[in-house]
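These notes are about the structure you will find just below.
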Amino acid sequence: MTDVSLVLSSLKSRWLNSLLSVFLTAFGVMLALVVIQFSQHVQNRLSSDGQGIDIVVGAKGSPLQMVLSSVYHIDIPTGNIPYDQAKKLMKNPQVKTAIPLALGDNWKGYRIVGTTPEYMKHYGAELKSGEPWHKAFEAVAGSSVGLEIGESFVGAHGLVGHGHIHEEEKYQVTGVMKPIGTVLDRLILTSLDSVLNIHGQESVEHTEHDHGHEDKHHDHDNHEHEEHDHDGHAHEDEHHAHDEHKHHDHEERVAPEITALLLTTKSPIANMNLPRTINRGSTLQAANPALELTRLTSMLGLGSKSFQALAMLLIIIASLSIFSGLAGSLENRMGDLAVLRAIGYSKSRVFKIITLEGMIITVSGTALGVIMGAGGFLVLKTIVPPLQSSGAEIRFTSDSALIICSVLIAGFVAAMIPAIRAAKVDVARQVSRNT
Amino acid sequence: MLFDVNNVCFTVRNTQILDNVNLHVEAGQSLLLLGPSGSGKTSLLNILAGLSQPGSGEVKYNDQIYAALSQSELDRLRANNFGFVFQKLLLIGHLSVEQNIGLSQSKADHQRIKNLVDDLGLSGKEKQKARDLSVGEAQRVAIARAVVHNPTVIFADEPTSALDDINAEKVMNLIFDQAKKSGATVVAATHDARIKGMFDNILEIA
Ligand SMILES: Nc1ncnc2c1ncn2[C@@H]1O[C@H](COP(=O)(O)OP(=O)(O)OP(=O)(O)O)[C@@H](O)[C@H]1O
Ligand SMILES: [Mg+2]
């Protein structure tokens, strides 16, 4: 008779209670792991997607919304800004680099972003194969978009789902990016003009009508066509994200608008001053993504903290149930334990037997919790599209290890108290008393 | 000298239960503690087995003074030398017959357990849970558990008090048979004067 089979038999004899404790432990572990995984994922993505962008400029509205929509591509934009105003800003001496973004369409939920090659350069994105876009309606797909070189596709209006389809204009995929673990993985990049033209706006780039291959290394600076210079106020109250479908008549094209500008500055002082100057104006809004990020994470942190508290509570309840299961059954088992002591089991062996009982529950509960946590995360991933599209995956971090360790310790402590009592059983009394 | 007990007194909650007990048992000489209910028989058995300490006096087993042994030495002494048939039997209910019998073996000797099961008329019950046994069966399992590891001393507390004449004799024969096979000494406690004649020494306590 080994101690392990003795313990297993005892657990089996009170299987309902054992099972309850196992499940309580498992739920606590699962919840804690999912919460940790989730918040770590969000944190990681937020910081890698926001890397190096000092200022975001867009239409007036919620600055957080603007940052989310243009840096993280999760929310809808606050509106559009006249291109020539953006252009003025791009030439501001305090600006080091400027990336214009024009949003408005998607393909199967992946946003089509009109921009300049500077965007890829900023995130250090490289092409896995193919070439960058050279002219309008050529596109480069992010690694998780699932488009192949040579494929053509049409954009659907809107930033998610299936809006009106721009059937007239087909995009051609000329390149696919390597996966880099940022938001670019799930974007389709194209020239500014592609997005502007499709929404009936004037071109802003020189290269728009160039067709020759000699143009491969053309200049991507956003030179303006003098003849398209508008005052920019004509569309002041049209703060839509290219959401009105315009005619594609070249004659009727309206002044170009973009959605946002991502800026890096030459000095930290500019980071402070430039937004202030911009916000003083009437049409543009500037925000510091780092500040908005802090606000967001503190909001998220609050949410994940309450989940963490719930997970903690569950783990405590699980420990208590292990404790009560052992302690409660102990009264009835004192005779058994006295027998063991009488026939020569040492105190420490009896202690180990009871502790082992608690630890078997704890360990199997933890294992089940890890499995359920992994499963839960996968389920969450399928029902929460942003998790899916942002490439959330299960990662075993030190935090998860910490959770598992603390659960094991909690289980051990819960088992220890009954185990001490068991080891101290009064053998003579148990074998001579009537009850 | 197997047991050497000198001037043992035992008091529980200001009540003197054992008053100056002296007892000398040679190896192989069975001993019966005879006395009415509440006279302190189980208490004395516990003291002889090292399960409780007397208030005063000295208990020696094979010239080892219990009071001089450490807790773990005493545990080991019991494990190696003693077998117990408790008054309430105290089988572990959720374990099977063979598991209960094998409890006192560090490594289950299946052949030995099988022989005992056959000897004690428990064939076919090996896998049955102890809690499902009849009282008579449980008693035989308790006897098997007490002798399985070939102890030097078999302690039996009230082994016959609930049994009729025939069964009382049967059970005592089982115990003595097993004791003979392993060369063990039987130390029993009872208020049942019927079995007086089976023992070499009798200590009457009042
Ligand atoms: N732990 C204890 N607490 C209180 N009283 C005790 C304790 N242990 C023994 N006693 C008392 O000591 C007396 C002797 O008890 P013991 O069990 O030794 O008697 P016994 O001779 O075995 O009786 P029985 O034949 O009924 O089993 C009893 O009166 C009992 O109430
Ligand atoms: Mg008694």
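Assorted remarks:
- Residue pairs whose Cβ atoms lie under 8 Å apart, sitting 6 or more positions apart in sequence or on different chains, and linking a residue in the stretch B:118-132 that is on the phi > 0 side of the Ramachandran plot and surrounded by 12 or more Cβ atoms within 10 Å (Cβ to Cβ) to a partner that is among the basic types (Lys, Arg) and in a loop (DSSP other than H, G, I, E, B), do not occur here.
- Among the residues of the stretch A:402-427, those that are more than 16 Å from A:Asn332 (Cα to Cα) and open to solvent by less than 40 Å² (accessible area, probe 1.4 Å) comprise A:Ile403, A:Ile404, A:Val407, A:Ala410, A:Gly411, A:Ala414, A:Ala415.
- Failed item in (1) open to solvent by 30 Å² or more (accessible area, probe 1.4 Å); (2) within 13 Å of chain A (Cβ to nearest Cβ); (3) more than 16 Å from ligand 2 (Cβ to nearest atom); (4) not basic (Lys, Arg), with B:Ala68 passing the rest: (2)
- Residues in the stretch B:151-186 that are assigned to a loop (DSSP other than H, G, I, E, B), loosely packed, with under 15 Cβ neighbours inside 10 Å and more than 16 Å from ligand 1 (Cβ to nearest atom): B:Asp164, B:Gly183.
- Of all residues in the stretch B:1-20 being within 16 Å of ligand 2 (Cβ to nearest atom) and either open to solvent by 10 Å² or more (accessible area, probe 1.4 Å) or farther than 24 Å from B:Val153 by Cα (or both), the one that is farthest from the other protein chains (Cβ to nearest Cβ): B:Thr15
- Residue tally, condition closer than 16 Å to A:Leu184 by Cβ and not in a loop (DSSP other than H, G, I, E, B), over the stretch A:69-96: 4
- Hits in the stretch B:78-109 - residues which are among the hydrophobic types (A, V, I, L, M, F, W, C), open to solvent by less than 10 Å² (accessible area, probe 1.4 Å) and more than 7 Å from chain A (Cβ to nearest Cβ): B:Phe82, B:Val85, B:Val97, B:Ile101
- Residue match in the stretch B:59-66 (condition: of a type in the set (A, V, I, L, M) and in contact (Cβ under 8 Å) with a residue 60 or more places away in the chain): no
- Restricting the stretch A:9-28 to residues that are in contact (Cβ under 8 Å) with a residue 24 or more places away in the chain and facing another protein chain (nearest Cβ under 10 Å), the residue that is surrounded by the fewest Cβ atoms within 10 Å (Cβ to Cβ) is A:Arg14.
- Qualifying helices (runs of 4 or more DSSP H) (wholly inside the stretch A:327-435; at least 1 residues being away from chain B (no Cβ under 14 Å) and acidic (Asp, Glu)): A:398-423
- Conditions (1) buried (at least 22 other Cβ atoms within 10 Å of the Cβ); (2) in contact with a Lys or Arg (Cβ under 6 Å, 6 or more places away or on another chain); number of the one not met by A:Lys96: (1)
- Answer from A:Thr283, A:Thr265, A:Thr294 - the residue that is open to solvent by 70 Å² or more (accessible area, probe 1.4 Å) and among the hydroxyl-bearing types (Ser, Thr, Tyr): A:Thr294
- Within the stretch B:30-61, being among the charged types (D, E, K, R) and more than 9 Å from ligand 2 (Cβ to nearest atom) holds for B:Glu58, B:Lys60.
- Of the helices (runs of 4 or more DSSP H) entirely within the stretch B:14-102, those holding at least 3 residues that are over 14 Å from B:Ala189 (Cα atoms) occupy B:71-81, B:97-102.
- Being crowded, with 17+ Cβ neighbours inside 10 Å and modelled with pLDDT of 90 or more is a property that does not hold for A:Thr182.
- If you go through the stretch A:132-151 and pick out every residue that is within 19 Å of A:Glu118 (Cβ to Cβ), under 29 Å from the mean Cα position of the chain (by Cα) and open to solvent by 50 Å² or more (accessible area, probe 1.4 Å), you end up with 1.
The values are calculated or read from the model by the stated rules, or taken from the named source; none is laboratory data. All of these numbers come straight from a predicted model, not from anything done at the bench. We place every Cβ from the backbone using ideal geometry, glycine too, and count neighbours over all the protein chains shown. We work out accessible area using only protein heavy atoms, side chains counted, and drop any ligands, DNA or RNA first. Shrake-Rupley method; radii C 1.70, N 1.55, O 1.52, S 1.80 Å.
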